[in-house]
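**Q** Structure incoming, see below.
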Amino acid sequence: MIFMFDKIQKDYITAFKEKNTIKKDVLGLLKGAILNAKIDKKEDLTEDEILSLIEKQIKLRKDSMEEYKKANKMDVVETLKLEISYLMEYMPEQLSKEEINKIIDDVFNKVNPTSQKEMGLIMKEVTPLLKGKADMKEVSTIIKEKLASL
């Protein structure tokens, strides 16, 4: 937890000094989520656990963006996009669609699924390979499409 949390803390202070309210607020919420998780766990979080928390924060904002788009509140959508970009700074480099497809194809070759009922088995194999490096909602969609074409 130390390295990534320290970076978030430092960036929070910088955003505060620069009067970047949106970044300060996003990092403040993230710090709070990390500290709450640390209290619940009763020990420091690993880098992977912090990444999972960041992913949850990003997912929350993406889901909210869809709702605000439906309500035609584009100013809020733009703010959420900015918040997501700030959170993405802490995520590992995202894989390209081609790289994601290659990993999924490799897992399909390994598992050799015969029906859509094996979605869980494939996700179980793919998740450790792609978590944090790809949007898992997109990964799930790709897998469903591949299974549907069997």
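**Q** Determine the sum of side-chain charges near Val76: Lys and Arg each +1, Asp and Glu each -1, restricted to other residues whose C-beta is under 14 angstrom from that of Val76.
**A** Here the count lands on -1.
**Q** In degrees, nearest 10, range 0 to 90: what is the angle between the Cα axis of helix 74-88 and the longest Cα principal axis of the chain?
**A** The angle comes out near 80 degrees.
**Q** Hey, if you drop one equal point scatterer on each alpha-carbon of the range 97-148 and run the Debye formula without solvent, what base-10 log of I(q)/I(0) do you get at q = 0.21, 0.29, 0.31 Å⁻¹?
**A** Scattering profile of the range 97-148, log10 relative to I(0): -0.65, -1.31, -1.50.
**Q** Please build a GNM for the chain, connecting alpha carbons under 10 Å apart, and tell me which residue among Tyr12, Tyr68, Tyr86 fluctuates the most.
**A** Tyr68
**Q** Separate question: So what's the gap between the Cα centers of the range 5-38 and the range 90-108, to the nearest angstrom?
**A** So the separation of the two Cα centres works out to 29 Å.
**Q** For the chain, modelled as a GNM with alpha-carbon contacts under 10 angstrom, which of Met119, Met88, Met65 fluctuates the most?
**A** In this elastic network of the chain, the residue with the biggest mean-square fluctuation among Met119, Met88, Met65 is Met119.
**Q** As I understand it, the dipole of the chain uses +1 on the Cβ of Lys and Arg and -1 on the Cβ of Asp and Glu, about the Cα centre. Which of Ala37, Tyr12, Thr79 lies farthest toward its positive end?
**A** Thr79
**Q** Next up: Most fluctuating residue of Ala33, Ala71, Ala15 in a GNM of the chain with Cα springs under 10 Å: which is it?
**A** Answer for the Gaussian network model of the chain: Ala71.
**Q** Rounded, prolate or oblate: which fits the range 1-63, taking a ≥ b ≥ c as square roots of the Cα gyration tensor eigenvalues, rounded meaning a/c under 1.5, else prolate when a/b beats b/c?
**A** Since a/c reaches 1.5 but b/c is at least a/b, the shape of the range 1-63 is classed as oblate.
**Q** Just the number: Rg to Rh for the chain, Cα atoms, Kirkwood Rh, two decimals.
**A** My calculation of the ratio gives 1.04.
Read-outs throughout are calculated quantities, based only on the coordinates presented, and are distinct from any laboratory measurement. Quick caveat, the model's predicted, so the values are computed rather than measured. Note that each Cβ is placed from the backbone with ideal geometry, even for glycine, and that neighbours are counted across all protein chains shown.
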